[in-house]
């Protein structure tokens, strides 16, 4: 490639000239600016250096492109030679000489070439893991900023997965939108009926429960004072402790009245936020049930064609697992509530229906929900019937939990959610420590969906069957 010719200085209207320059330092005061011609000459040198570097870069790119095209032509000629019909041996002449490839001049070795391959792979893997960790942290950070929206969407998915079979049933005899509203009204009617029944039961048994609760308190005090425990506490000491607690509570309220008032206002804002989340969940649920298929089809059409099948498979596996978990949890919770209500009613525990509803709610909270409901039921039994009844209630509720874990859970959710109990415990612990009660509720379905998507997209090797050989140390 020819050398670039000199051109006029872009910083001036006239070309730069070479030759001796007249000194003007004597005519200029000390500290004055340099002559304009010298500045223009410096700019001209910089411009020429820029053009020369640009020309060298263009030449390098052109040489690499020619080498790539030449390699492609050689590959095509080799393919044609391999697919050509066989030529008789008499006609085969000496092989043509391969055209010479342009020489690639390697000026220097890079740092990557001087490092071991395992170190390079480890470094790249570390950067990839760091990037994945940053992305996951960013997702959690953004989710923490919009927790109400996340809760609303999660509730919408739960309600959609539960009511979808009912909507499909109603849609056989009516359009989709009327079927959606009819299913929602049916669900609201069932929930309202349960709440009405619980409130009516509590109201009817309130006076009897108050008397029994007072008797239960006296029974507990007598047990603490005259029971077989090594430490005896008199009723006077218990009343004195209760009076001290009441006094401390009153002092705390008096001293922190402004703070408590601010918390009340904050709780009022929280109440508005709760209604907003419920409204969002209801609104999104209506459209998910009525036109969820159309929305998903639109989303797939926005993706490149080569990704649609994989995304559809992954989303289908995730939704199958999530819906199975939600429906199975509702069925298991309802079964637990019925068994607990019947058992408490047979034992004679007051407020059996509200306690059954509490068991129903606790079934949605993995690991800690059922034990919490059991403890509350035992406290009510202790206050109303005594220590023996409390033990009976504890054994009965524990037996119901065993039936749930060993019979109902594998039978109802065995195919949809197949993750190890250790994974469940670790996921619930991580969710609880990171997001409290919400994290404990969301952890299991989230891990189940992620595992289902991974299992759908991951190509597994041949599994290991039988017993593994024992390890034998051979150290020479």
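The values are calculated or read from the model by the stated rules, or taken from the named source; none is laboratory data. This one's a predicted model, so the numbers in the text were calculated from it and none came from an experiment. So basically every Cβ, Gly included, is an ideal-geometry build from the backbone, and we count neighbours across all protein chains shown.
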Exercise for the section: Report yes if some residue within region 168-175 is under 18 Å from residue 285 (Cβ atoms), touching a helix residue (DSSP H, G or I) at 6+ places or on another chain (Cβ under 6 Å) and surrounded by 15 or more Cβ atoms within 10 Å (Cβ to Cβ); otherwise report no. Expected result: yes
Practice task
Go over the candidates 422, 397 one by one and state the one that is under 24 Å from residue 336 (Cβ atoms), out of contact with any strand residue (DSSP E or B) (no Cβ under 8 Å at 6 or more places or on another chain), modelled with pLDDT under 85 and surrounded by 13 or more Cβ atoms within 10 Å (Cβ to Cβ).
Solution key: 397
Exercise for the section: Go over the candidates 386, 405, 414 one by one and state the one that is at positive phi and modelled with pLDDT under 75. Expected result: 386
Handout entry: Any chance residue 223 is part of a helix (DSSP H, G or I), within 48 Å of the chain's Cα centre (by Cα), closer than 19 Å to residue 379 by Cα and at pLDDT below 75
Key = no
Handout entry: Tabulated pairs, region 129-154, first in contact (Cβ under 8 Å) with a residue 60 or more places away in the chain, second surrounded by 11 or more Cβ atoms within 10 Å (Cβ to Cβ), C-beta under 6 angstrom, 6+ apart or interchain
Key = 148/273; 148/277; 151/277; 152/277; 152/280; 152/281
Practice task
Would you confirm whether any residue within region 456-471 is within 24 Å of the chain's Cα centre (by Cα) and assigned to a helix (DSSP H, G or I)?
Solution key: yes
Problem - Given (1) in contact with a helix residue (DSSP H, G or I) (Cβ under 7 Å, 6 or more places away or on another chain); (2) modelled with pLDDT of 80 or more, number of the condition residue 120 does not satisfy - result: (2)
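One line per residue, one yes/no per condition, for (1) closer than 26 Å to residue 165 by Cα; (2) modelled with pLDDT of 85 or more; (3) touching a helix residue (DSSP H, G or I) at 6+ places or on another chain (Cβ under 8 Å):
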site: 240; (1), (2), (3): no, no, no
site: 268; (1), (2), (3): no, no, no
site: 276; (1), (2), (3): no, yes, yes
site: 311; (1), (2), (3): yes, yes, yes
site: 314; (1), (2), (3): yes, yes, yes
Exercise for the section: Would you mind stating whether residue 194 is surrounded by 13 or more Cβ atoms within 10 Å (Cβ to Cβ), modelled with pLDDT under 70 and out of contact with any strand residue (DSSP E or B) (no Cβ under 7 Å at 6 or more places or on another chain)? Expected result: no
Handout entry: Test: residue 340 is part of a helix (DSSP H, G or I), modelled with pLDDT under 90 and either at positive phi or surrounded by 16 or more Cβ atoms within 10 Å (Cβ to Cβ) (or both)
Key = yes
Completion exercise
The condition of being out of contact with any strand residue (DSSP E or B) (no Cβ under 6 Å at 6 or more places or on another chain), closer than 26 Å to residue 425 by Cα and not in a loop (DSSP other than H, G, I, E, B) holds, among 346, 330, only for 330
